[in-house]
Structures are given as C-alpha cells and as structure tokens.
Amino acid sequence: MIPMRSTAACVSPILLIALAAACTGLDSGAGRQAGSTAGSLVPGGSETHALDLDAGMFVHGEVDQQSVDVTVTVTDPSGGTVREVDGRTRGLESFNFETEAAGTYVVTVAADDDDAGEYEFRVIRSEPVATDPVERLDQLMSPWDGDDRAGAIAAVVDNGELVHVHTVGMANLSHGVPWQRGTISNIGSVSKQFTAMGLLVLEGRGEISLDDDIREYIPELPDFGEPITPRQLLNHTSGYREIYNLMRIDGLGGEDTFTREHAITVVQRQPELQNRPHTEWNYNNTGFILLSLLVERVTGQSFADYMRESVFEPVGMPDTRMKMVQGELIPGSAQGYTPAEGGGYRTTRDLPASAGAGGVYTTVDDLHRWLLNFRDPALGGSEAIEAMTTTAVLESGDSTGYGLGLALGELGGRTLYSHTGGDVSHRAYLGYLPELESGVILMSNHAAFDLGLGPRVARLFFGDELEPEAEEPVAAEAEGTMSDERKQAIAGDWVLETQGLTIPMTVSVDDGEVYIEFTGQDRTAAQATSDSTVTIAAADANFTFRTEPDGSVTSGVATQGGIELTMRRAEMATLTAADLQAYAGRYFSEELEATMHIAVENGGLVLHQLGQTPQPLSPVSGDSFSAEVFHLNEVAFERAANGRVTGFTVSNGRTRGVLFAKM
C-alpha cells in the first residue's frame with residue numbers, strides 16, 4: 001500500500017456544509033473553466049469551496065499550490081469523503097470526482113501544519129457524467145489535457161481493429177508539440193514481453209534453451225549452488241538483487257548513469273541469493289538486463305539490431321526501436337517530464353542501462369500490430385504465445401500470475417494479458433483480452449499519469465462483454481458498528497508488510513473517531529464498517545484487525561487497490577539516550593563499497609550518506625527503523641551475542657538484506 005497523506009480540516013465536515021454560503025459557490029452548469037478563486041492559508045489552516053451539483057455530474061478541478069503545500073479533500077452532501085489528494089508539494093494538485101446525489105459538495109483545501117502561503121482553486125469541468133465511451137474517456141483524460149502540461153494517448157482495439165485514438169496534452173513543452181497518433185514514446189516495462197519473445201525466437205531456432213543455466217551464456221556470473229535459468233529471469237523467480245532498488249541504496253538516482261554490464265557486477269557482489277530459485281516471485285529488472293547481454297553474446301548482434309530484425313520487423317512495427325543509451329536521439333518521440341518542486345515541469349532522462357527490462361520506444365499503431373500477434377502469431381507461433389501466457393508455478397505449488405514478461409489475470413471474467421510500464425517519467429499500459437480480441441493502449445510522458453485507467457477504459461468500451469464489478473457495501477449502513485472498547489483495542493503502533501516492504505502505521509482514537517497515520521504524514525480519519533474493520537473510502541483502503549482467543553488484537557490484514565498486506569503490532573520500546581548512542585557510528589557495505597553514518601540528533605537517529613539528504617530514522621519494532629525515502633524502507637540493526645550493535649541491513653522490497661557492518 002502506498003501510505004496516504006491527509007490533513008484534517010480545521011472544522012468538521014458537517015460544519016463545512018454549514019459554511020457553504022460563506023464559501024465560493026459554483027452552479028452545476030456544464031462547461032470548462034467553471035470557476036476560479038484565489039486563497040491564502042496559515043499553517044494548518046484550511047478554506048472550503050462549495051459546489052452545488054446535480055446527481056450524475058463529473059467534476060474536474062485543480063489547485064495551483066503557488067507557495068503552499070495543500071491537501072485537497074472532497075466531501076459529499078452527507079459529509080462522507082469522496083476524494084482526497086495530496087501528491088505534489090508545489091504546482092498543480094488535480095482532482096476529479098462523480099456525484100451520486102444532488103446537493104452541496106465541499107472541496108477543502110488544507111495547508112500542512114508547518115506550511116503557509118497562496119493558492120488558486122479552479123474548476124475546469126462541471127458536466128453530466130458522459131454515457132458515450134468516447135466522451136467518457138475524454139473526461140477521464142482531463143487531468144493531462146492542455147497546452148501547459150505533459151500529455152498522453154489512449155487507444156482502443158475492438159475485435160482486432162484499432163477503433164479509437166484519443167490524445168491530450170503536449171509531447172514536447174519546450175517546442176509546443178502536442179501528442180499525436182504517431183507520437184513515439186517510451187513504454188518502460190511493457191518492453192519485457194518483447195524481450196521474452198526475442199528469447200523464445202532464439203529458442204525456436206535452437207540457439208538457446210530457456211531451461212539452461214544462465215552461466216552457460218554469461219559464465220562470469222557466480223555459482224550460487226543451484227542453476228538459475230533464463231526462464232526464471234523472465235518470470236522473476238531468480239533470487240537476484242533488483243538493480244535499480246540496489247543502486248538507490250548506493251546513492252545513485254534514477255537518472256544517474258551506469259552500463260548494462262553493471263548488472264553482472266551487481267550479481268557478482270551479491271553475497272547470496274535473496275531466495276532459492278523458483279521459490280519466490282519478486283519483480284526484477286536485473287534478470288532482463290542480463291538477458292539482453294545473453295542475446296548479444298549468442299547472436300553477435302547488438303540487442304537493438306537483433307530486436308529490430310527478429311521481433312519488431314517481422315510483426316510489422318516500423319516505428320519501434322530499442323533505446324540503448326541515455327541521451328540517444330529518437331525523432332518524433334515524447335520528452336519525459338516530472339512535476340517540478342516550484343511548480344511547472346522539468347525534463348528528465350530515461351533510466352540508465354534499461355534495454356531488455358525497458359527501453360522500447362513505439363507508437364499505438366505498432367502496439368496494435370503487436371496485440372494482433374497474440375491472435376495470429378506470425379512471430380513465434382502458438383508455442384511462443386503459450387509459453388508467454390502460462391503462469392509460473394513456484395515450488396510450493398502457488399501460481400505467480402506472471403508468465404514470460406506478461407502479467408496474467410482476468411477482467412470481468414475474461415482472460416487479461418497486461419503489463420504496466422514506468423520509466424523515470426514515461427508511463428504505459430498494454431492490456432489484451434484474447435477472448436474478445438480487444439485491448440487498451442495507454443502511453444504518457446507525464447510522471448504522474450494514472451495507469452489505473454487501463455482497466456477502466458476496457459470496461460468503458462467492452463463493458464457489455466464483461467461481468468459487472470462487485471458493488472461495494474454502502475459504508476453508511478455499517479457506520480458506528482465498532483464499540484468504543486473495540487476502538488481502543490486496535491489503537492497503537494502497527495507494522496504493515498508485503499514483499500519485503502515494512503510500513504509503520506499508528507492507529508489512534510480521538511473523540512470516538514478512529515484515525516490512521518503513517519510516518520511523516522498527517523493522520524486520516526477512518527470509518528468503522530464492522531467490529532473488526534475500518535475503511536478510508538477515499539483511498540480505497542481497508543484495515544481488518546484479528547482478535548486472539550485471549551481478547552488481544554495483535555495482527556490483521558490491510559488491502560488497497562487489490563494489494564494485500566499483513567499487519568502486526570509494533571514492539572515499540574522507549575529509547576534512552578544510551579540506547580540511541582549504541583546505534584551511532586560509521587557503517588560500511590562491502591557489497592556496495594559504500595559508507596553510511598548513523599548519528600544521534602535532536603533525540604533521534606539520522607542516517608547520513610555522502611551527497612545525499614540526511615534521513616531521520618523512525619523506530620518501527622525492536623531494532624528495526626525506517627526512513628521516509630523508499631530505498632531506506634527498513635534499516636534493521638544486528639547485534640552480537642553480548643548485545644553490541646554490529647551492523648545493519650537495508651531492505652526496500654525488491655532488494656533485501658544489504659549488509660552494512662559497523663566500522
């Protein structure tokens with residue numbers, strides 16, 4: 001789960017509605033630029049903007065954070081939270097929502113507790129929710145529409161035909177170039193399925209076997225006691241370190257440069273596998289980069305030339321190419337942009353050395369032709385398609401839901417082949433429903449583009465062929481079903497865990513209300529929906545707490561957006577000055593040849609690394625701490641038998657247990 005950020009308004013939702021007459025009012029008339037209002041906030045303060053709306057309305061708006069970081073919260077006429085947004089610290093904070101009932105909807109703009117300044121609130125669109133799929137898609141793409149922002153393209157394939165293409169925003173802001181049907185863009189990890197096909201073509205020619213030991217092709221890779229195969233690299237079950245997560249620990253950013261050969265070095269310096277091969281699924285770019293090197297060694301061609309001649313050209317993809325180095329010029333391509341701290345955007349470079357794991361630049365027309373190869377496999381034949389679309393099964397017998405470079409799932413009772421892609425700023429989604437011979441293509445050069453639109457667009461255009469989504473229970477019917485005693489029982493410090501990630505969380509009760517708070521973020525009100533579950537509807541987050549036979553509450557499950565995390569009580573200890581000092585010192589990682597320094601500052605621990613921003617460490621449980629930055633998700637100190645601190649390990653999900661020994 002991605003921790004949510006929220007700031008409670010200075011008044012309750014009921015009072016916000018009462019204040020509507022004193023706030024900016026907007027009628028429910030359709031149109032763009034429905035209203036704009038300037039505002040000023042003191043630290044921790046908030047202002048409200050009331051919208052009188054009919055039922056069945058679509059509203060899209062923005063808050064320009066000119067000199068203040070804000071949280072935007074939308075409440076419905078009953079006071080329930082409809083939407084909550086807090087992404088950027090400056091510039092545009094975009095929000096949209098649909099109305100279920102007529103009445104006054106209140107948009108609260110709240111400043112962080114330590115921030116103050118000016119903002120501008122504006123409603124861009126206020127109109128009936130479109131029933132026509134094309135018009136509804138236009139509404140959903142509103143946040144990226146305009147000549148002042150990076151944009152996107154959406155394409156719909158129906159029964160094998162490319163029936164609709166929709167573009168918004170700019171492909172290049174510096175030169176005023178809008179997105180067009182032929183715009184070429186980076187599709188990030190959607191590239192992995194092309195690498196998989198490239199390997200299957202080689203296997204079909206008899207030049208390799210996906211079940212060989214990878215060391216037959218790259219012998220300088222270390223022997224970890226069990227063979228690791230190209231197939232395991234393609235389905236993310238190798239046990240190798242994840243290169244991009246590891247490089248962040250080493251102080252390198254997403255745009256810093258290294259070569260593909262560094263993937264070999266990463267594995268060579270890895271002291272042991274993170275898991276035995278084929279016993280755990282853990283998304284991994286290292287393996288796909290290694291496979292690009294395998295292709296070059298077997299064929300004698302550059303990976304770009306091989307992919308062009310053996311994959312792209314046979315499928316009929318003339319505008320598709322593999323980007324091999326940062327800064328490579330690709331005519332007609334969309335420049336990547338990320339929101340800048342002071343507002344507006346800044347250009348970004350692509351990830352370094354991504355060829356194999358990413359690096360494909362292409363168009364919607366070429367991706368359409370690629371989707372048709374799943375139906376009529378001129379390239380690879382039915383054997384290759386079957387191999388790509390067969391889920392890997394672990395030693396335990398558990399299915400991973402991932403084939404060779406493809407995620408395998410379902411949508412509305414139909415089989416779905418899909419993948420998302422994210423480079424530094426480019427985003428992409430490719431989904432194909434083979435039983436319908438239909439699919440959705442999304443590409444964007446905006447780092448904040450929402451890839452969750454992929455399945456929504458599919459439902460827009462193919463809803464008649466899909467089972468309806470399960471209706472969520474109405475929260476209001478369950479409101480107030482958790483006793484005060486029960487609320488107090490779930491209060492305290494918790495740890496959420498999934499795939500090697502640990503997320504500290506605090507549950508508190510104030511005036512009978514339950515609040516959820518994540519480290520470094522403000523608390524968010526949660527609604528009780530049963531005697532064991534609370535929900536934050538605006539974030540699609542649910543927390544279920546388990547009661548043990550002795551009446552204690554020590555574990556549970558959290559879900560958000562289909563992701564499930566386990567919850568456990570944090571064993572928090574009060575740390576004295578002496579306890580903190582025991583952790584202080586310099587630590588060295590032989591694997592990374594990097595040094596970190598732990599210092600005691602202002603009553604807590606701070607991690608220092610050369611060239612990086614100092615990171616305060618928050619206690620999680622026992623000797624485990626966490627920083628707000630992702631790559632230092634868990635800093636777990638180790639002790640000798642006598643209790644002396646000897647080092648710590650750093651873990652961040654895809655990369656785990658990187659040791660720093662105390663010097």
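The values are calculated or read from the model by the stated rules, or taken from the named source; none is laboratory data. This is a predicted model, so every value here is computed, not measured. In this analysis, Cβ positions are derived from the backbone assuming ideal geometry, glycine residues included, and neighbour counts consider all displayed protein chains.
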**OP:** Would you be able to say whether some residue in segment 221-233 is buried (at least 19 other Cβ atoms within 10 Å of the Cβ), out of contact with any strand residue (DSSP E or B) (no Cβ under 9 Å at 6 or more places or on another chain) and of a type in the set (Lys, Arg)?
**Re:** yes
**OP:** Scan segment 624-650 for residues that are hydroxyl-bearing (Ser, Thr, Tyr) and closer than 20 Å to Thr613 by Cβ and report the count.
**Re:** 1
Original post:
Quick check: is even one residue across segment 184-191 hydroxyl-bearing (Ser, Thr, Tyr), at pLDDT 95 or above and under 21 Å from Arg276 (Cβ atoms)?
Top reply: no
Original post:
If we keep just the residues of segment 287-306 that are among the small types (Gly, Ala, Ser) and in contact with a Lys or Arg (Cβ under 9 Å, 6 or more places away or on another chain), which is surrounded by the fewest Cβ atoms within 10 Å (Cβ to Cβ)?
Top reply: Ala304
Original post:
Regarding Val298, is this residue in contact with a Leu (Cβ under 7 Å, 6 or more places away or on another chain) and within 20 Å of Asp366 (Cβ to Cβ)?
Top reply: no
Subject >> Which listed residue, of Glu386, Glu435, is among the charged types (D, E, K, R) and not assigned by TED's automatic domain parsing to the domain that holds Thr257 >> reply: Glu435
**OP:** Go through the residues of segment 251-273 one by one and say whether even a single one is closer than 15 Å to Met197 by Cα, surrounded by fewer than 18 Cβ atoms within 10 Å (Cβ to Cβ) and among the small types (Gly, Ala, Ser).
**Re:** no
**OP:** Tell me the strands (runs of 3 or more DSSP E) entirely within segment 541-637 that contain at least 2 residues that are surrounded by 15 or more Cβ atoms within 10 Å (Cβ to Cβ) and more than 29 Å from the chain's Cα centre (by Cα).
**Re:** 585-589, 594-601
**OP:** Look at segment 587-643 and say how many of its residues are within 30 Å of Val267 (Cβ to Cβ), at pLDDT 90 or above and of a type outside the set (Gly, Ala, Ser).
**Re:** 28
Original post:
Yes or no: Val645 free of Cβ contacts under 8 Å to residues at least 24 places away in the same chain and out of contact with any Pro (no Cβ under 9 Å at 6 or more places or on another chain)?
Top reply: no
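For every residue, the table says whether it meets (1) without any contact (Cβ under 8 Å) to a residue 12 or more places away in the chain; (2) touching a Ser or Thr at 6+ places or on another chain (Cβ under 8 Å); (3) closer than 18 Å to Met443 by Cβ; (4) surrounded by fewer than 19 Cβ atoms within 10 Å (Cβ to Cβ).
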site: Asn285; (1), (2), (3), (4): no, yes, no, no
site: Ser333; (1), (2), (3), (4): no, yes, yes, no
site: Tyr337; (1), (2), (3), (4): no, yes, yes, no
site: Leu367; (1), (2), (3), (4): no, no, yes, no
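Residues checked against (1) polar (S, T, N, Q); (2) over 28 Å from the mean Cα position of the chain (by Cα):
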| position | (1), (2) |
| --- | --- |
| Arg231 | no, no |
| Glu242 | no, no |
| Met247 | no, no |
| Val267 | no, no |
| His278 | no, no |
| Asn285 | yes, no |
| Glu296 | no, yes |
| Ser302 | yes, yes |
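Okay, residues lined up against (1) part of a strand (DSSP E or B); (2) surrounded by fewer than 19 Cβ atoms within 10 Å (Cβ to Cβ):
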position: Tyr361; (1), (2): yes, no
position: Thr391; (1), (2): no, yes
position: Leu404; (1), (2): no, no
position: Ser425; (1), (2): no, no
position: Ala428; (1), (2): yes, no
Subject >> Scan of segment 638-663 for residues that are among the small types (Gly, Ala, Ser) and in a strand (DSSP E or B), ordered by number >> reply: Gly647, Ser651, Ala661
**OP:** Identify, by number, the condition in (1) within 19 Å of Ala152 (Cβ to Cβ); (2) in contact with a Lys or Arg (Cβ under 8 Å, 6 or more places away or on another chain); (3) of a type outside the set (A, V, I, L, M) that Pro434 doesn't meet.
**Re:** (1)
**OP:** Under 8 Å between Cβ atoms, at least 6 apart or on separate chains: pull out the pairs that start in segment 65-92 with a residue that is free of Cβ contacts under 8 Å to residues at least 40 places away in the same chain and end on any residue that is assigned to a loop (DSSP other than H, G, I, E, B) and buried (at least 16 other Cβ atoms within 10 Å of the Cβ).
**Re:** Val72/Asp86; Asp76/Thr99
